[in-house]
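Where a number appears in this text, it was derived from the coordinates with a stated rule and is not lab data. Predicted, not measured: the structure shown is a model, and the values here were computed from it. With ideal geometry, Cβ positions are generated from the backbone for all residues, glycine too; neighbour counts draw on all protein chains shown.
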């Protein structure tokens, strides 16, 4: 089961064109084409602090996925491409779009859709490969790929209806790697060791997208004209009884023209400033006798704690520190059902005791392979958000559903 799930997740999220389909591919001239993807849906019920329960039927942390990829060998190069779309499951309004909206109803979109991947690769086993296009970011990518809620829902805060995905454990143990335009180089595999370095599109942060309120002041920023720089190194190992992986990654991006205002941090005038947002992480996972243990930690400055470069600056333009991580344990029962327990938290140093914040989440889940492609999922997650040690949010989410890989 573990190998099947890992292959399916890799097919859904990562680059390898040969992993996109379990069917072996279709030969079309010089190309071998593959089609693969994910379909999932969950019934969720979320109860927020001092509020009633809200129920929805929606996708989980993985969106629905349709991926088309191809590969060929030309001029001593392995050449490949991947293009994918991610249609949402959930809708929130009746009726249809445009002039055909029924009974004078306001025209509304029937659902959301994303386009997460459109990239090409070329290279050779002797010297590595180059990737150009849009794909999962480099920094923090292993954090989300090893999160057990990837097969489920995780956090249900903020309501799930109409979304293409949930947030899983994002913001409660790791920063979202996100899907980025990039130019990256990956080394060959050296007896289990490999590394990736790349430049990625800098985020353009403006207005509410980069606002941190501290007392009376706020700050906003736009992304720098220079790209972000990201890198990752990993080592995988396997014996007859134990398999595992350890990794480190990092990111650095200049954030320019931060508009500052008077706040409670000692600033008394408005202006602008710039800084470099940075973060690094370290993690590892090991599996033996059906037991898998995962540990992860990140630390950043000016990058935020949930979405990259969001909420990373105080009112006076000071970059804010953040850190966090998660621990996770899973066990495969004799029935092939995988059960798991995980805890994670993310912390923001608001530079004053009144603005320090933390978010943490417990998740317990069961993931049963009804067939080699279809998994039934049951999860319970509890997220708590605190500011100045005061509980400002408490969300409990129960989810039941299924996820299919093809």
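Listed values, structure above:
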quantity: Per-pair calculated FRET efficiency, R0 = 25 Å: residue 91 and residue 394 via Cβ, rounded to 0.05; calculated: 0.35
quantity: Space enclosed by the convex hull of the alpha-carbon atoms of segment 27-87, per residue, Å³; calculated: 86 Å³
quantity: Fully extended contour minus Cα-Cα distance, from residue 331 to residue 57, at 0.36 nm per residue; calculated: 95.9 nm
quantity: Approximate spin-label separation residue 189-residue 41, in nm, with each point projected 7 Å along Cα-to-Cβ; calculated: 3.7 nm
quantity: Förster radius 22 Å - calculated FRET efficiency between residue 236 and residue 125, Cβ distance, rounded to 0.05; calculated: 0.85
quantity: Estimated FRET transfer efficiency (residue 372, residue 113; beta-carbon r; R0 25 Å; 0.05); calculated: 0.30
quantity: Measure of compaction for segment 265-359 (Cα Rg per 2.2 N^0.38 Å); calculated: 1.49
quantity: Relative frequency of Cα-Cα separations exceeding 18 Å in segment 290-406, percent; calculated: 62 percent
quantity: Global size of segment 331-398 as Cα Rg and Dmax, reported in angstrom; calculated: 16.9, 52
